[in-house]
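Shown next, in structure tokens, is the structure this report addresses.
Every number in this text was worked out from the coordinates using simple rules, so none of it is lab data. Predicted, not measured: the structure shown is a model, and the values here were computed from it. Every residue, glycine among them, receives a Cβ derived from its backbone with ideal geometry; neighbour counts consider all protein chains shown.
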Amino acid sequence: MLRVDGFIKISKKNTEIRKQDILDKLDFLQDDIAFIAGSLIEEEVNPLSKGMGNRLSDIDCFILTDSIVDIGVNETGYSFGNRKTRFDRIMGINFDTEIYPKKAVLHYADQINNLKFDMEQRAYNWISNRDHSFSIWNLNSVIHRLLNSVPLYNQEGYRLLLDGLNKDNFFRFNVILAINEVEVRYDDIVGNLETSQFEVAVHSARDALNSAMKAYIFYRKTSFDRDRWIPLKLKNLAEADAQASEIYNEYRLLNFASPLSTDDEYRNNIKGIIKFINRVTNLLEG
């Protein structure tokens, strides 16, 4: 992404937007942190996100504020728990702005930094949530967007947060979270397969397959926060080496190219997914 004299060039929109024009639309405090993210931005800053944005994509702004109550939203915006959202249009592009308390994000980052990975309970319980307005998935999404973003305001605070995050811990934590998702679904897959509830079993199997692929993507030190990007992330990883290519091709076959017209085809697809998931999780845990 080209950033010249405060302008942000967005290739797929064939336009440039001045940073100040974005900031003029927003409400923020002196020490707040503001950055832009989303598929159009991520594609520019992360080679493993090639192909994400399109001409209809919007741009996501994030404000991490010291006082959520003092940040206003426009007439189209809304408040939800301890966060706010507003919607704007600049140079013909839709901007969605999410506003979070800075202390909630810093607290989450601090816990990620200090993970020891030796607790007995499931990974979801390793993080304490002081503010129940946010789930781990909310805060993971903010961190993912931060990792694939361009700063708008308070670059020093932005850089301290980004550089201070233990990224290896963040990726490893998400690998374990995703493997836990696979484990939770396993009995449901097998139980429904044994009772010939094939549609239910294949639905659960493909959920587990996507979770296994999520674990693999984080294992490869890249992130995402919407499951729809799993195929694209795998495809981009597949261009890098043979292992990722093999995993992507097997995933694509099991998830998109397996016929499901007869009971035997259902059984074969489900059993193939289970076998593949076991191979991938063994790789990640080895």
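If amide hydrogens are placed 1.01 Å from N in the peptide plane, which non-local residues have theirs closer than 5 Å to the one on Phe28?
none
Report, in whole Å, the centroid distance computed from the Cα atoms of the stretch 124-190 and the stretch 52-82.
A separation of 19 Å, based on Cα centres.
Once you have the Cα-Cα distance between Val73 and Asn125, take 0.36 nm times their residue separation minus that, and quote the gain in nm to one decimal. Walk me through the numbers on the way to the answer.
Values: separation 52, 0.36 × 52 = 18.72 nm, distance 3.32 nm.
Length gained between Val73 and Asn125: 15.4 nm.
Enter the mean projected area of the convex hull around the alpha-carbon atoms of the chain, in nm², rounded to one decimal.
Values: hull surface 67.3 nm².
Orientation-averaged projected area of the Cα hull: 16.8 nm².
With +1 assigned to the C-beta of every Lys and Arg and -1 to the C-beta of every Asp and Glu, and no other charges, what is the dipole magnitude of the chain about the Cα centre in debye, to the nearest 20?
Values: 36 positive and 42 negative charges, 106 e Å.
For the chain, the charge dipole is close to 500 debye.
Build a GNM of the chain with springs between Cα atoms under 10 Å: which of Val182, Val150, Val69 gets the top mean-square fluctuation?
The residue with the greatest mean-square fluctuation here is Val69.
When the Karplus curve 6.51 cos²θ - 1.76 cosθ + 1.60 is applied with θ = phi - 60°, which whole-Hz ³J(HN,Hα) does each residue of the stretch 144-152 get, with x for Gly and Pro?
Running phi through 6.51 cos²θ - 1.76 cosθ + 1.60 with θ = phi - 60° gives 4, 5, 4, 5, 10, 9, 10, x, 10 Hz.
For the stretch 169-285, what log10 I(q)/I(0) values come out of the Debye formula at q = 0.12, 0.21 1/Å, with one point per alpha carbon and no solvent?
-0.40, -1.15
Which links in Lys233/Lys275; Lys12/Lys102; Lys116/Lys271; Lys13/Lys102 stretch past 29 Å when you go from one Cα to the other? Please report the intermediate quantities before stating the final value.
Values: Lys233/Lys275 22 Å; Lys12/Lys102 31 Å; Lys116/Lys271 35 Å; Lys13/Lys102 31 Å.
Exceeds cut-off: Lys12/Lys102; Lys116/Lys271; Lys13/Lys102.
Residue by residue, what Karplus-based ³J(HN,Hα) values in Hz, rounded to whole numbers, does the stretch 84-99 have, using 6.51, -1.76 and 1.60 with θ = phi - 60° and x for Gly and Pro?
Those phi angles translate into 10, 9, 9, 10, 9, 10, 10, 6, x, 10, 7, 10, 9, 10, 10, 10 Hz.
Determine the percent antiparallel among the DSSP beta bridges restricted to the chain, to the nearest 5. Don't jump to the answer; show the numbers that get you there.
Working: 24 of 31 bridges.
Counting DSSP beta bridges with both partners in the chain, the antiparallel share is about 75 percent.
For Asn46, what residues show an amide H to amide H distance below 5 Å, using hydrogens built from the backbone and excluding near sequence neighbours?
Placed amide hydrogens put nothing under 5 Å from Asn46.
Out of Thr222, Thr262, Thr97, any idea which swings most in a Gaussian network model of the chain, alpha carbons joined below 10 Å?
Judging by the Gaussian network model, the answer is Thr262.
List the GluC sites (Glu not before Pro) in the stretch 177-286 that DSSP assigns to loop (not H, G, I, E or B) and whose Cβ has at most 14 other Cβ atoms within 10 Å. Which are they?
Working: sites: Glu181, Glu183, Glu194, Glu199, Glu239, Glu246, Glu250, Glu265, Glu285; in loops: Glu239.
Those that pass, being in a loop and sparsely packed, are Glu239.
With the chain treated as a Gaussian network of Cα nodes joined by springs under 10 Å, which of Asn138, Asn255, Asn114 yields the largest mean-square fluctuation?
Maximum fluctuation in the GNM of the chain, among the listed residues, is at Asn114.
Given only helices, namely DSSP H runs of n ≥ 4 each adding -39500 (n - 2.57), what is the per-residue ellipticity at 222 nm of the chain, to the nearest 500 deg cm²/dmol? Mind showing how you got there, number by number?
On the way: 10 runs with 143 residues, N = 286.
When only DSSP H runs of four or more count, the value is -16000 deg cm²/dmol.
With θ taken as phi - 60° and the coefficients 6.51, -1.76 and 1.60, list the Karplus ³J(HN,Hα) couplings across the stretch 228-239 in order, rounded to whole Hz; mark glycine and proline as x.
With the stated coefficients, the stretch 228-239 comes to 4, 8, 4, x, 5, 4, 5, 4, 5, 5, 5, 6 Hz.
P(r) tail for the stretch 3-165, what percent of Cα pairs lie past 30 Å? Please report the intermediate quantities before stating the final value.
On the way: 2269 of 13203 pairs.
Counting every Cα pair in the stretch 3-165, those more than 30 Å apart make up 17 percent.
Please sort by residue number the trypsin sites (Lys or Arg not before Pro) in the stretch 174-256 whose DSSP state is loop and whose Cβ has at most 14 other Cβ atoms within 10 Å. Kindly include the intermediate steps, with their values, before the conclusion.
Details: sites: Arg185, Arg206, Lys214, Arg220, Lys221, Arg226, Arg228, Lys233, Lys235, Arg252; in loops: Arg220, Lys221, Arg226.
Within the stretch 174-256, the qualifying trypsin sites (Lys or Arg not before Pro) (loop, at most 14 other Cβ atoms within 10 Å) are Lys221, Arg226.
For the stretch 42-95, which GluC sites (Glu not before Pro) are both in a DSSP coil and crowded by at most 15 other Cβ atoms within 10 Å? Please list the in-between numbers first.
On the way: sites: Glu42, Glu43, Glu44, Glu75; in loops: Glu75.
Within the stretch 42-95, the qualifying GluC sites (Glu not before Pro) (loop, at most 15 other Cβ atoms within 10 Å) are Glu75.
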